[in-house]
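**Q** A single structure is presented below for examination.
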Amino acid sequence: MASMSMSSREKRRKRKREPTPASNPTPASTPRWSSPIPSLPYDLVLLCVTRVSRLYYPTLSLVSKSFRSLVSSPELYKTRSLFGFTESCLYVCSESLGGSADWYTLCRKPDKTLKSGSSGYALARVPVPNSPSSVFRKVVAVGSNIYNIAMPTFLSVLPRVSILDCKSHSWIEAPSLPVELHSFSASVVDHKIYVAGFDHRLMKNSFEVFDTQTRVWDSFSSDKREERIKEKSVSIDGKFHVVTNEGVLAYDPKQGKWDMVVGGMCGLMCSDDYCVIGNVLYSVYEGVFKWYDTERRTWRDLQGLVGLPNITRRREFIRLGDYGGKMVVFWVHVIWTYYKKIWCAEISLERRPDTSEIWGKVE
């Protein structure tokens with residue numbers, strides 16, 4: 001019995017040593033990317049990078065071509081999603097003097113490069129080739145994609161729609177806006193992009209909706225609205241709000257009807273210094289930050305903001321943004337024509353139920 005047992009073990013060892021056609025590696029089953037660290041398996045490096053915040057990815061991409069391929073690979077983001085490692089990312093688009101669009105993302109500086117008093121954050125250039133021109137009112141984000149609806153430069157040309165994949169930093173073409181609009185704005189409601197504009201050729205309003213899952217355009221009810229549409233819109237309370245020459249109209253996609261918003265919501269939407277965070281509309285005018293109270297139908301001051309520099313729109317170019325439920329404030333200080341400084345502040349927001357006020361804390 002002992003000799004038979006030894007013989008069966010030897011056979012099992014022999015079978016393990018002999019490769020079978022099913023276990024032989026094939027080009028299709030080998031990793032598409034080589035390991036950025038030759039002494040470690042690719043799968044191990046992938047798991048390690050999965051646990052690293054995306055704030056460090058721009059720095060990792062500078063280490064080597066292998067790391068650059070890894071941080072932009074679909075496999076990395078699929079693994080992050082499986083482990084639940086999702087986080088908000090901040091992207092900034094700046095137009096150069098030549099008219100081209102340059103993209104940046106917020107990143108964390110390595111500890112060795114930190115200076116005294118530095119926040120430790122910086123905007124890193126994103127290598128996005130062939131970026132179309134972008135306008136604030138025509139750019140929206142859905143999930144990990146940024147949708148840019150370019151304003152046509154010629155008549156009889158449909159507005160081109162491009163999708164920036166923030167994982168691979170590459171552009172994908174989507175179906176163009178089916179209407180020849182040269183004056184329009186876009187907002188997102190339930191992962192659908194709603195566009196409202198004025199057709200100067202036919203002299204009438206136009207309302208279109210884009211399903212980001214099926215990538216199909218469709219017209220939605222205009223209710224024969226005659227108010228002149230302006231290039232400003234926001235999404236609040238699950239409704240598509242559009243600024244007109246007579247006030248603000250709100251479209252409810254579930255009920256398919258329009259209502260005029262009572263109050264002065266459009267009062268501080270005269271410029272582009274506004275955004276929606278946590279279903280609340282914020283704006284800044286002449287250095288004063290405000291939020292719109294939908295219950296009282298009035299603008300109220302944002303309290304706190306201790307440590308925020310005095311920002312006046314007469315001197316700086318200002319933008320507000322939503323960064324994972326926090327407000328980011330960008331302002332550009334122009335030193336001279338060809339030199340400018342871009343500053344950024346991150347503000348956490350807290351609604352205090354006892355006073356119904358919203359406080360901002362500069363972080």
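**Q** Suppose the filter is aromatic (Phe, Trp, Tyr), open to solvent by less than 10 Å² (accessible area, probe 1.4 Å), under 19 Å from VAL189 (Cα atoms) and at pLDDT 90 or above; does TYR251 pass it?
**A** no
**Q** With respect to VAL284, is the statement that it is in contact with a helix residue (DSSP H, G or I) (Cβ under 9 Å, 6 or more places away or on another chain) and either at pLDDT 90 or above or open to solvent by less than 60 Å² (accessible area, probe 1.4 Å) (or both) true?
**A** Yes; evaluated as a whole, the condition is true for this residue.
**Q** Taking region 35-45 as the region of interest, how many residues are open to solvent by less than 70 Å² (accessible area, probe 1.4 Å) and either in a helix (DSSP H, G or I) or closer than 23 Å to ASP111 by Cα (or both)?
**A** Selection size over region 35-45: 4.
**Q** LEU305 is checked against (1) without any contact (Cβ under 8 Å) to a residue 40 or more places away in the chain; (2) over 24 Å from VAL135 (Cβ atoms); (3) surrounded by 15 or more Cβ atoms within 10 Å (Cβ to Cβ) and fails just one. What number does that condition carry?
**A** (1)
**Q** Could you list all residues from region 53-98 that are assigned to a loop (DSSP other than H, G, I, E, B) and touching a helix residue (DSSP H, G or I) at 6+ places or on another chain (Cβ under 7 Å)?
**A** SER61, PHE85, THR86, GLU87, CYS89
**Q** Something else: Output the number of the condition that LYS290 fails; it satisfies all remaining conditions of (1) farther than 20 Å from ARG352 by Cβ; (2) part of a strand (DSSP E or B).
**A** (1)
**Q** Considering only residues of region 291-302 that are farther than 12 Å from ILE236 by Cβ and open to solvent by 50 Å² or more (accessible area, probe 1.4 Å), which is farthest from the chain's Cα centre (by Cα)?
**A** Ranking the qualifying residues of region 291-302, first place goes to ARG296.
**Q** Another one. Mind checking which residues of region 254-281 are part of a strand (DSSP E or B) and open to solvent by 20 Å² or more (accessible area, probe 1.4 Å)?
**A** The answer is LYS257, ASP259, MET260, VAL261, VAL276.
**Q** Then there's this: Which pairs do you get when a residue that is free of Cβ contacts under 8 Å to residues at least 60 places away in the same chain and farther than 17 Å from THR244 by Cβ, found in region 269-280, comes within reach of a residue that is open to solvent by less than 10 Å² (accessible area, probe 1.4 Å) and part of a loop (DSSP other than H, G, I, E, B), reach meaning Cβ atoms under 7 angstrom, with the pair 6+ apart or on two chains?
**A** none
**Q** Taking the conditions exactly as written (open to solvent by less than 30 Å² (accessible area, probe 1.4 Å), part of a strand (DSSP E or B) and closer than 16 Å to LYS232 by Cβ), does VAL332 satisfy them or not?
**A** Answer is no for this residue.
Quick grid of which residues meet (1) open to solvent by 30 Å² or more (accessible area, probe 1.4 Å); (2) within 30 Å of PHE330 (Cβ to Cβ); (3) at pLDDT 90 or above:
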| residue | (1), (2), (3) |
| --- | --- |
| ALA2 | yes, no, no |
| SER7 | yes, no, no |
| LYS11 | yes, no, no |
| PRO19 | yes, no, no |
| ARG32 | yes, no, no |
| LEU47 | yes, no, yes |
| VAL71 | no, yes, yes |
| SER96 | yes, yes, no |
| TYR104 | yes, yes, yes |
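**Q** Is it true that VAL248 is in contact with a helix residue (DSSP H, G or I) (Cβ under 8 Å, 6 or more places away or on another chain), hydrophobic (A, V, I, L, M, F, W, C) and without any contact (Cβ under 8 Å) to a residue 40 or more places away in the chain?
**A** Yes; evaluated as a whole, the condition is true for this residue.
**Q** Can you tell me which of (1) touching a residue at least 12 places away in the same chain (Cβ under 8 Å); (2) open to solvent by 70 Å² or more (accessible area, probe 1.4 Å); (3) over 20 Å from ILE163 (Cβ atoms); (4) in a loop (DSSP other than H, G, I, E, B) is the one LYS230 doesn't meet?
**A** Exception for LYS230: condition (4).
**Q** Same structure, new question: Answer with yes or no whether SER235 is of a type outside the set (A, V, I, L, M), in contact with a helix residue (DSSP H, G or I) (Cβ under 6 Å, 6 or more places away or on another chain), open to solvent by less than 50 Å² (accessible area, probe 1.4 Å) and within 28 Å of LEU268 (Cβ to Cβ).
**A** No: the conditions fail for SER235.
**Q** Do any strands (runs of 3 or more DSSP E) entirely within region 132-222 hold 1 or more residues that are basic (Lys, Arg) and open to solvent by 20 Å² or more (accessible area, probe 1.4 Å), and if so, which?
**A** Correct list: 192-199, 204-211.
The values are calculated or read from the model by the stated rules, or taken from the named source; none is laboratory data. For clarity, every value in this text was computed on a predicted model and none was experimentally measured. Cβ coordinates were reconstructed from backbone atoms using ideal geometry, including for glycine residues, and neighbour counts include every protein chain displayed. We work out accessible area using only protein heavy atoms, side chains counted, and drop any ligands, DNA or RNA first. Shrake-Rupley method; radii C 1.70, N 1.55, O 1.52, S 1.80 Å.
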